[in-house]
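The values are calculated or read from the model by the stated rules, or taken from the named source; none is laboratory data. Here the structure is a predicted model, which means the values were calculated and not measured. A quick note on method: Cβ atoms are made from the backbone with ideal geometry, for glycine too, and the neighbour counts reach across all protein chains shown. Protein only, heavy atoms only, side chains kept; ligands, DNA and RNA dropped before computing areas. Shrake-Rupley method; radii C 1.70, N 1.55, O 1.52, S 1.80 Å.
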Amino acid sequence: MCDTLVHVAPGRVLFAKNSDRDPNEAQLLEWRPRRRPRAGARVRCTWIEIEEAPETHAVLLSRPFWMWGAEIGANEHGVAIGNEAVFTSQPYAATGLTGMDLVRLALERADSAERAVAVIVDLIAKHGQGGGCGHEKRSFTYHNSFLAADARGAFVLETAGRHTAVERVAAGARSISNGLTIEPFASRFGDALRTAAAGARERRPRTQALAAAARGPADLARILRDHGPGRATPEYRTLNGGLCAPCVHAGGWVVNSQTTASWIAELAADGARHWVTGTASPCTSLFKPVRVTEPLDLGPAPTDRADAASLWWRGERLARCVLRDPVRLLPLFANERDALEAAWFADPPEPAAAFAEGDRRLAEWTARVAAASGRDLRPLRARRYWKARDERAGT
């Protein structure tokens, strides 16, 4: 479950996404350079092989560790794309291109947001969408919606099997969540029950309203950290845990998801600026500047097993401690984090320096929070859910 949003203003487009997936499904940042594959080459995506493009653009991807495709990404031409799971009345195919494959393929092949939408529509027509998309339950599958943006504006693409609908966003705010929204496409193909269970009926109006008031990257960070109206910390509902707000936290009896990566972009004619967490739970994470064409060595790639070296799992040490009692523990570092981010939003340092400073702060904040940690105050169902995930990860 995810949320992606844009705010289109004269000369600038703001873009942001929270990627919500299974709690131990680590994501990694991956830089891929521009390439010219040999003639007739084919590319293996997550489940199927398709024809390769004559040339692929340089991209930066945030992708689940086991997938070929990406949840969020950007390319050298200033295009940014996020996708969402949507639930429809159309059959779900046993195999095909996943929504994450389509994000990556569009970024590699398109030099504009409009062209990215055309690439996705064409690939769905040729190859279909399908295949397992879940980590804990690999057979979990869905159809997809996409929000593609560049400095000129944005496009929403919604799908139901091989059916598609497109909406141009020329000005103002637009957000997408885990439900169809373009009419009459949504009324014709939407699955109301599964859309409601995914929390989309609450999250999308919330992100839409907040995006309308966004004026810069700091506002986007506040949206991605939002736990709902009047709430500074997560709400854990009986059915679907924290799926009622953009900053998603698992802990329900039936439907669960967790924000596992976050991305902010400012797209302008004179260049794009990007900030990423590289970690889960944006409410406990630090946004750091990155550049699409400047790879960083961030250490070993994470998996679904906890380790002491990868950035993603080091972030989990802090997040999983804080979320036991966020009212008391989050204030131990949040103001310091926010001040550092504000400076980096206004004047981004070199990415390598920012990540090094982020590592230093992360170690300091983790030690500070661990020293003050006490009893887990989450509801019993949430405590049991997270105990099982911690055991699976070996934390």
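Structure above, values below:
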read-out	value
Long-range HN-HN contacts of Ala261 with modeled amide H, under 5 Å	Ser19, Ser281
Theoretical FRET efficiency, 1/(1+(r/R0)^6), r = Cβ-Cβ of Ala367 and Ala339, R0 22 Å, to 0.05	0.70
Dipole magnitude of segment 284-378, debye to nearest 20 (Cβ charges: Lys/Arg +1, Asp/Glu -1, about Cα centre)	520 debye
Residue-by-residue Karplus 3J(HN,Hα) for segment 77-84, coefficients 6.51, -1.76, 1.60, Hz, glycine and proline x	9, x, 9, 10, 9, x, 10, 9
Net charge dipole size for the chain [Lys, Arg +1 and Asp, Glu -1 on Cβ; Debye, nearest 20]	940 debye
Segment 6-143: Cα Rg divided by the 2.2 N^0.38 Å rule of thumb	1.04
Excluding exposed DSSP-loop GluC sites (Glu not before Pro) (at most 16 other C-beta within 10 Å), longest clean stretch of the chain	236-395
Within segment 54-91, backbone nitrogen closer than 17 Å to the virtual label 7 Å beyond the Cα of Arg162 toward Cβ	89-91
Contour minus Cα-Cα distance for Leu193 and Lys137 (0.36 nm per residue)	18.2 nm
Among 287-295, 147-155, 57-65, the order from most to least packed when residues are scored by Cβ within 10 Å on average	147-155, 57-65, 287-295
Positive-end residue, segment 208-313 charge dipole about Cα centroid, Cβ charges, pick of Leu243, Leu311, Trp275	Leu243
Accessible area (Å², per residue) of the chain, counting only protein heavy atoms and a probe of 1.4 Å	38 Å²
222 nm mean residue ellipticity, helices alone, for the chain (DSSP H n ≥ 4; -39,500 (n - 2.57); rounded to 500)	-9500 deg cm²/dmol
Using θ = phi - 60° and Karplus 6.51 cos²θ - 1.76 cosθ + 1.60, couplings along segment 18-25 (whole Hz; Gly, Pro as x)	9, 9, 10, 9, 5, x, 9, 8
Residue-by-residue Karplus 3J(HN,Hα) for segment 358-363, coefficients 6.51, -1.76, 1.60, Hz, glycine and proline x	x, 4, 5, 5, 4, 5
Nearest-20 debye value, segment 70-212 charge dipole, Cβ charges on Lys, Arg, Asp, Glu	320 debye
Residues Arg12 and Ala309, FRET efficiency given R0 of 35 Å [Cβ-Cβ distance, rounded to 0.05]	0.40
Counting DSSP beta bridges with both ends in the chain, the antiparallel % (nearest 5)	95 percent
Spatially near lysine pairs across the chain, Cα under 28 Å, sequence gap of 8 or more or different chains	6
Fraction of accessible area attributable to carbon and sulfur, the chain (%, probe 1.4 Å)	53 percent
